[in-house]
Amino acid sequence: MAFRGQHEHSLDSKDRLTVPSKFRDGLAEGVVLSKGPDACLWMMTDKAFQTLEDEYIKPHSPFGADARRLRRVFNSTADESQLDSAGRVRVPKHLVEEAGLDGACMVVGAGDYIEIWNAEAWKREEEDLKGAFTEIAENLSGAPG
């Protein structure tokens, strides 16, 4: 399942986030929440999390400092969970603080995973993306400049 679109939600008093209904089927087997490389959280299936680890982290030798540091961040911030009967997932306190999830949150589809942003941080990111979209697409096109 590809996760697409953006939805505004808020954490409740127990730090639970209501997952958009169109995303729930893809997360029925459980979710992994972790710190993303940007100012957001990543939410994905266990299978997607394992694929990221297998393809992008495990190939690097644990004898390299950057590889060890990436493994630490990737795995130490990860939390496995399940959606409850109301389609909510509890966000651990350390991840709430990491992403500054106070008040409104944006749940953003990113294809294989979902990003969870503080609404104001997402607004700034979205503005930056709008201004840089053409350049990013060109840089990643593989076409000669």
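Take the conditions (1) within 26 Å of H7 (Cα to Cα); (2) in contact with a Pro (Cβ under 8 Å, 6 or more places away or on another chain); (3) free of Cβ contacts under 8 Å to residues at least 40 places away in the same chain; D79 misses just one of them, which is (3).
Screening F49 against (1) buried (at least 18 other Cβ atoms within 10 Å of the Cβ); (2) in contact (Cβ under 8 Å) with a residue 40 or more places away in the chain leaves a single unmet condition, (2).
Here's the yes/no breakdown for (1) in contact (Cβ under 8 Å) with a residue 24 or more places away in the chain; (2) over 26 Å from R72 (Cβ atoms); (3) of a type outside the set (S, T, Y):
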residue	(1), (2), (3)
D15	yes, no, yes
T18	yes, yes, no
L27	yes, no, yes
L33	yes, no, yes
P37	no, no, yes
W42	yes, no, yes
Y56	no, no, no
P59	no, no, yes
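Tallying residues that are in contact with an Asp or Glu (Cβ under 7 Å, 6 or more places away or on another chain) and more than 13 Å from D15 (Cα to Cα) within segment 86-115 yields 2.
Only a single criterion out of (1) hydroxyl-bearing (S, T, Y); (2) closer than 23 Å to A2 by Cα; (3) more than 12 Å from the chain's Cα centre (by Cα) is not satisfied by T45, namely (3). For segment 96-121, a residue qualifies if it is over 26 Å from T51 (Cα atoms) and not in a loop (DSSP other than H, G, I, E, B), and the qualifying residues are E97, A104, C105, N118, A119, E120, A121. For segment 19-34, a residue qualifies if it is touching a Ser or Thr at 6+ places or on another chain (Cβ under 9 Å) and either part of a helix (DSSP H, G or I) or at pLDDT 95 or above (or both), and the qualifying residues are G26, L27, V31, V32, L33, S34.
Just so you know, in segment 84-142 the residues that are of a type in the set (A, V, I, L, M, F, W, C) and without any contact (Cβ under 8 Å) to a residue 24 or more places away in the chain include one that is farthest from H7 (Cα to Cα), and it is L140.
Residues of segment 64-87 that are over 15 Å from K35 (Cα atoms) and surrounded by 17 or more Cβ atoms within 10 Å (Cβ to Cβ): L83 alone.
The values are calculated or read from the model by the stated rules, or taken from the named source; none is laboratory data. What you see is a predicted model; the values in this text were computed from it and never measured. Backbone-built Cβ (ideal geometry, glycine too); neighbour counts: all protein chains shown.
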